[in-house]
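Q: To start, I am sharing the structure in question, which I have written as structure tokens.
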Amino acid sequence: MNANTNAPMNMQSEIYDARKALGGYLERTDLLLARSGLSRSERDETLGQISEQFYDLLGVPIEEADRELTENAIAGLAPERAFELNDVMSTGQILRATWYRFCIGGIVPIFLNDHGRKRVVWGELIKVLVWLGIFMSLVFAIINMMMLGSPSWRWIVSGIMFGFMQIGIWLRFNWLYHHTPVEAMPRAEDWSAPRLHKIRYVWILTVGGPAFFVIALFPTTYWLVSAILNRPAWPIDNGLFVIVSVSLGVPLYLLSMWDGWRRRRNTRRFQNWDRSANM
Amino acid sequence: MDNAWTAQLRKGLVELAVLAALNGGEAYGYQLLGRINAFPGLNLNEPTVYPLLARLTRAGYLTVRSGPSPHGPPRRYYCLTESGRDRLKQMRTLWQTTNESLTQLIQQGDES
């Protein structure tokens with residue numbers, strides 16, 4: 001059913017719905033493709049093709065599309081879940097998928113499905129966290145060997161503790177998130193990917209960040225630096241405390257600023273692309 | 001039929017199908033899907049074909065040009081390059097050899 005030209009007020013809202021519906025579909029698809037490790041260019045190319053397909057299915061200029069036409073066109077596209085790709089085509093894809101899941105908060109994909117229920121892939125969460133713990137333990141053991149010449153039980157244990165503390169933090173964080181009442185969460189179609197990222201990012205900063213810094217990263221680094229400088233770790237040396245705090249705080253702050261900038265840039269790019277797609 | 005086996009078989013043939021479909025002339029993504037899915041049994045979907053188009057373009061097997069669209073944004077038309085044609089030729093030869101051999105093997109098994 002086309003919008004009636006005699007109903008401009010109604011048409012305005014319907015135009016907004018058509019653009020919003022396409023934007024929402026593309027954002028969620030982009031999220032799934034990013035989780036699958038596709039590069040930005042591959043995602044842009046894919047989203048561009050989807051957009052073209054949407055306009056083909058719509059059959060009329062978007063300015064004339066009403067809700068029914070829009071919904072029919074969206075229904076003609078592939079189901080969003082189909083974009084959760086399992087095919088691994090390159091090492092780069094694996095690295096991108098791992099990085100994305102680690103940094104962007106995609107470790108636990110929490111969405112409200114069409115029935116308004118949360119969907120959490122717990123198996124994936126446990127797998128990623130266990131690997132993370134093992135990986136961090138290995139990293140610490142390697143750093144220890146490089147700096148001290150041979151592994152000592154103290155550094156290996158600290159590495160293991162460091163890795164598994166992160167598991168604890170992430171489990172706690174995700175437990176909190178998982179137990180948010182369903183009523184308090186918007187439905188999937190109202191919850192765009194950038195918003196989801198933003199909320200997760202705020203959670204990471206407010207809960208995960210300080211916990212990670214205070215519980216795990218700071219003591220371990222302080223211990224490491226004191227051993228390198230051959231100074232006692234206890235009682236706390238004020239000078240060393242300040243040095244470690246600054247040397248950790250500044251890079252972490254810069255990292256978070258960079259990540260925030262990158263996220264905003266990607267969102268802007270995506271929005272610009274979406275706008276240009278509607279020209 | 002074992003779903004995993006079917007998926008693996010299709011996965012291996014997607015690139016050949018896309019290159020073969022483009023051998024008939026340039027096409028935009030959705031048009032290409034229609035061209036492929038006109039043949040029963042292929043049934044390729046968007047998540048499989050669209051990222052592949054990006055990969056094949058990056059690998060130099062396809063070129064892209066923009067063309068007008070009646071309603072939406074400019075369409076991106078994909079076309080085989082010389083390198084893409086060579087790859088298609090190699091893949092087709094391998095596929096034909098494999099297909100013939102496998103068919104003979106199956107027939108031999110049926111006859112005995």
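The values are calculated or read from the model by the stated rules, or taken from the named source; none is laboratory data. It should be emphasised that the depicted structure is a prediction, and the values quoted were computed from it without experimental measurement. A quick note on method: Cβ atoms are made from the backbone with ideal geometry, for glycine too, and the neighbour counts reach across all protein chains shown. The protein model used for the area step is the full one, side chains on, heavy atoms only, and it has no ligands, DNA or RNA in it. Shrake-Rupley method; radii C 1.70, N 1.55, O 1.52, S 1.80 Å.
Q: Of all residues in the stretch B:4-22 being modelled with pLDDT under 85 and more than 12 Å from chain A (Cβ to nearest Cβ), which is least open to solvent (accessible area, probe 1.4 Å)?
A: From the stretch B:4-22, those modelled with pLDDT under 85 are B:4-12; that's our starting set.
The next check asks that each one be more than 12 Å from chain A (Cβ to nearest Cβ); those that pass are B:5-6, B:9.
Details: B:Trp5: 139, B:Thr6: 37, B:Leu9: 81 Å².
Across the stretch B:4-22, the extreme among qualifying residues is B:Thr6.
Q: Just the residues that are among the aliphatic types (A, V, I, L, M) and open to solvent by 60 Å² or more (accessible area, probe 1.4 Å), please, taken from the stretch A:58-76.
A: Here is the first cut: in the stretch A:58-76, the ones among the aliphatic types (A, V, I, L, M) are A:58, A:60, A:62, A:65, A:69, A:73-75.
Across the stretch A:58-76, the qualifying residue is only A:Ala75.
Q: So, one more: Hey, can you tell me all the residues within the stretch A:24-71 that are of a type in the set (A, V, I, L, M, F, W, C) and touching a Pro at 6+ places or on another chain (Cβ under 9 Å)?
A: Here is the first cut: in the stretch A:24-71, the ones of a type in the set (A, V, I, L, M, F, W, C) are A:26, A:31-34, A:38, A:47, A:50, A:54, A:57-58, A:60, A:62, A:65, A:69.
Scanning the stretch A:24-71 gives A:Leu31, A:Leu32, A:Leu33, A:Leu38.
Table: residues versus (1) over 25 Å from B:Leu62 (Cα atoms); (2) touching a residue at least 24 places away in the same chain (Cβ under 8 Å).
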residue	(1), (2)
A:Ser41	no, no
A:Asp44	no, yes
A:Leu47	no, yes
A:Glu52	no, no
A:Val60	yes, yes
A:Glu64	yes, yes
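Q: Moving to a separate point now. Could you list all residues from the stretch B:57-73 that are more than 9 Å from every other protein chain (Cβ to nearest Cβ) and either part of a helix (DSSP H, G or I) or of a type in the set (Phe, Trp, Tyr) (or both)?
A: B:Tyr61
Q: While we're here: Among what's in the stretch B:23-56 and is facing chain A (nearest Cβ under 10 Å) and not in a helix (DSSP H, G or I), pick the residue that is surrounded by the fewest Cβ atoms within 10 Å (Cβ to Cβ). Explain how you work it out, then say what you get.
A: Kept after step one, since they are facing chain A (nearest Cβ under 10 Å), are these residues of the stretch B:23-56: B:28-34, B:45-55.
Going one step further and asking which of them are not in a helix (DSSP H, G or I), we end up with B:28, B:45.
On the way: B:Tyr28: 23, B:Asn45: 14.
Checking each candidate, the answer is B:Asn45.
Q: Then there is this: Mind listing whichever residues of the stretch A:14-54 are of a type in the set (Phe, Trp, Tyr) and open to solvent by less than 10 Å² (accessible area, probe 1.4 Å)? Give the steps one after another, and end with the answer.
A: Taking the stretch A:14-54 as the starting set, the residues that turn out to be of a type in the set (Phe, Trp, Tyr) are A:16, A:25, A:54.
Listed by number, the residues that qualify are A:Tyr25, A:Phe54.
Q: For residues that are in a helix (DSSP H, G or I), at the interface with chain B (Cβ under 7 Å from one of its Cβ atoms) and among the β-branched types (Val, Ile, Thr), tally how many sit in the stretch A:46-64.
A: First, the residues of the stretch A:46-64 that are in a helix (DSSP H, G or I): A:46-58, A:62-64.
Checking the rest, the ones that are also at the interface with chain B (Cβ under 7 Å from one of its Cβ atoms) come to A:46, A:48-53, A:55-56, A:58.
Among the residues that remain, those that are also among the β-branched types (Val, Ile, Thr) are: A:46, A:50.
Number of matching residues: 2.
Q: Suppose we filter B:Pro74, B:Pro68 for residues that are closer than 30 Å to A:Tyr55 by Cα, out of contact with any helix residue (DSSP H, G or I) (no Cβ under 6 Å at 6 or more places or on another chain), without any contact (Cβ under 8 Å) to a residue 24 or more places away in the chain and open to solvent by 100 Å² or more (accessible area, probe 1.4 Å); which single one remains? Steps first, please.
A: Values: B:Pro74 fails: open to solvent by 100 Å² or more (accessible area, probe 1.4 Å).
Criteria check complete, one pass: B:Pro68.
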